[in-house]
Amino acid sequence: MRNLALHWQILIGMIAGCCLGLALNMAASEHSVTLTTGLPDGIVQAEVTDSSSRTVIRYRDKQQKETTVTVDPASTSKNDLRTFKDLAKQDPLASQIYNEHGKSLAKQVGGWCQKIGGLFLRMLQMVSIPLIVTSLLSGILSLSGRHGVGNMFKRTLGYYLTTSLLAIVTGMLLVNLIRPGLQTATSGTQGPTAGQELHQTSLMDVMFTQVEAIFPSNPLAALTQPNFLSIIAFTIIFGVFAVRVGGTTVSRIHDLARAGFEVMMAITTAVIRLAPIGVFFLITAVLATQGSSVFQSLGWYVVTVAAALLIHACITLPLILKFIGKRDPIEYARAMSPALLTAFSSASSNGTLPVTLTSVEQRAGISNKTGSFVLPLGATINMDGTALYEAVAVLFIAQLHLGYNLPVSQQIIVAITALLASIGAAGIPHAGLVMMVIILQAVGLPLEMQGIILAVDRVLDMARTSVNVWSDSCGCAVVEALDPQPDSPLNPS
Ligand code: ASP
């Protein structure tokens, strides 16, 4: 097993988790008990009926007053609760009875698997901030000491932001159209319950809060909160001004950032090696507690991400390449095919960078100056596929968790944070997963829901990484066309 490539290991972990979870769900998700002893003070009798879709807790106190509470995520009745978190908040007594006596074996095992898989998610959270800071800083600082890059920097940045935003919009349109998270019986259909209520504010408020976050009053406090938007924004500001200061200052900071990045990459790679185990426990937890209906939504989710990636890679980027980059998209794609295939199989834009650089220069005829400037920066900050995937995944999770689409103001937060998350994501396998925490936190969605999509992350990672590399490559042609270099084949002289 250890000699197998990581994606095969993850696949095996996923299949094993699916089998165990489904078996548990089918064999041990029904449970009912009647209790007269061992109950909380003041309760004389209790009855619990638990299944994967519905849990009913009935108890009687000393005054013979009877209370019945139902937890059912798909219920249309206003009196029912949707989640066990709501139950703990609204009726702590019923929650205590359920936790101590009422859980089916499937839910007990599922709960433990969730805790163990949660350790993997915590590790991903642990590496995310230092990884973002060092990856971004070393990317930006690599620009120092280069002359005449001002215009190229602006064009490159303009291209990166435009294509990433176009990718996000494509993803969001499709996820709103296909509604993958609402194609299942397990998602609610009746709007939020008390515990799920999302904070609704005006669009202006939402935008302004994001703008405020770009200028943290205390950058160190932003690190500990953690406020990812502030962290990314301050790192960019710090990097850009370090380049301006120049001299030995910038080279010292650059060395430090590069060293930190190398160490963080090593830690992240080690954490990601645990993905097969993490996937196993998280998938077991999901299937043991929810049963096979989650597959239905996962299928739609994969279709949505894949369709949006295809539209972006085969329509949007080729149009930009043709009309602004002045290149034939098919020929250009053929020239870039070694890089695109390496990206697909390695799921790492950073790992693919040497192949991308040689393909761009030797096969697509882009000048060294443009290639060596646009591509390293692109591998760090330009990730169209990742941005699109983040937006689709978070909206899918919201649909699944809440049972309805996020309101427009919240979707705008998702779009902005997805853009920033993609800028901050390192070009390594599964980095998008690490960054998703930021967006889930920004709109107040539970981080555990990531466990559901983890199962199909590798295959989507391969696809989105190819789109990331394809966008970087198209960026070279666009920047070169706008600013032909002396050694460029586009330059007539
Ligand atoms: N694997 C992607 C890349 O290297 C990042 C991601 O996980 O989305 O480009």
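The values are calculated or read from the model by the stated rules, or taken from the named source; none is laboratory data. What you see is a predicted model, and the numbers here were worked out from it, not measured in a lab. Please note: Cβ atoms are built from the backbone with ideal geometry, for glycine as well, and neighbour counts cover all protein chains shown. Keep in mind that these areas ignore ligands, DNA and RNA; they rest on the heavy atoms of the full protein, side chains included. Shrake-Rupley method; radii C 1.70, N 1.55, O 1.52, S 1.80 Å.
Below are the figures for this structure:
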{"quantity": "Identity of the residue in the stretch 358-373, among the hydrophobic types (A, V, I, L, M, F, W, C) and at pLDDT 85 or above, that ends up surrounded by the most Cβ atoms within 10 Å (Cβ to Cβ)", "calculated": "ILE366"}
{"quantity": "Subset of the stretch 380-403 [open to solvent by 20 Å² or more (accessible area, probe 1.4 Å) and hydrophobic (A, V, I, L, M, F, W, C)]", "calculated": "ILE381, LEU400"}
{"quantity": "Unique match (being in contact (Cβ under 8 Å) with a residue 24 or more places away in the chain, surrounded by fewer than 24 Cβ atoms within 10 Å (Cβ to Cβ), of a type outside the set (Ser, Thr, Tyr) and not in a helix (DSSP H, G or I)) among LEU377, LEU340, LEU353, LEU406", "calculated": "LEU406"}
{"quantity": "One residue from LEU357, LEU353 being farther than 12 Å from CYS476 by Cβ and either of a type in the set (D, E, K, R) or over 20 Å from the mean Cα position of the chain (by Cα) (or both)", "calculated": "LEU353"}
{"quantity": "Unique residue being over 21 Å from PHE344 (Cα atoms) and assigned to a helix (DSSP H, G or I) when the list is VAL479, VAL467, VAL459", "calculated": "VAL479"}
{"quantity": "Some residue of the stretch 123-146 being open to solvent by 60 Å² or more (accessible area, probe 1.4 Å), under 30 Å from LEU220 (Cα atoms), out of contact with any Asp or Glu (no Cβ under 7 Å at 6 or more places or on another chain) and not in a helix (DSSP H, G or I)", "calculated": "yes"}
{"quantity": "Helices (runs of 4 or more DSSP H) fully within the stretch 1-106 counting 1 or more residues that are in contact (Cβ under 8 Å) with a residue 60 or more places away in the chain and surrounded by fewer than 14 Cβ atoms within 10 Å (Cβ to Cβ)", "calculated": "6-28, 84-90"}
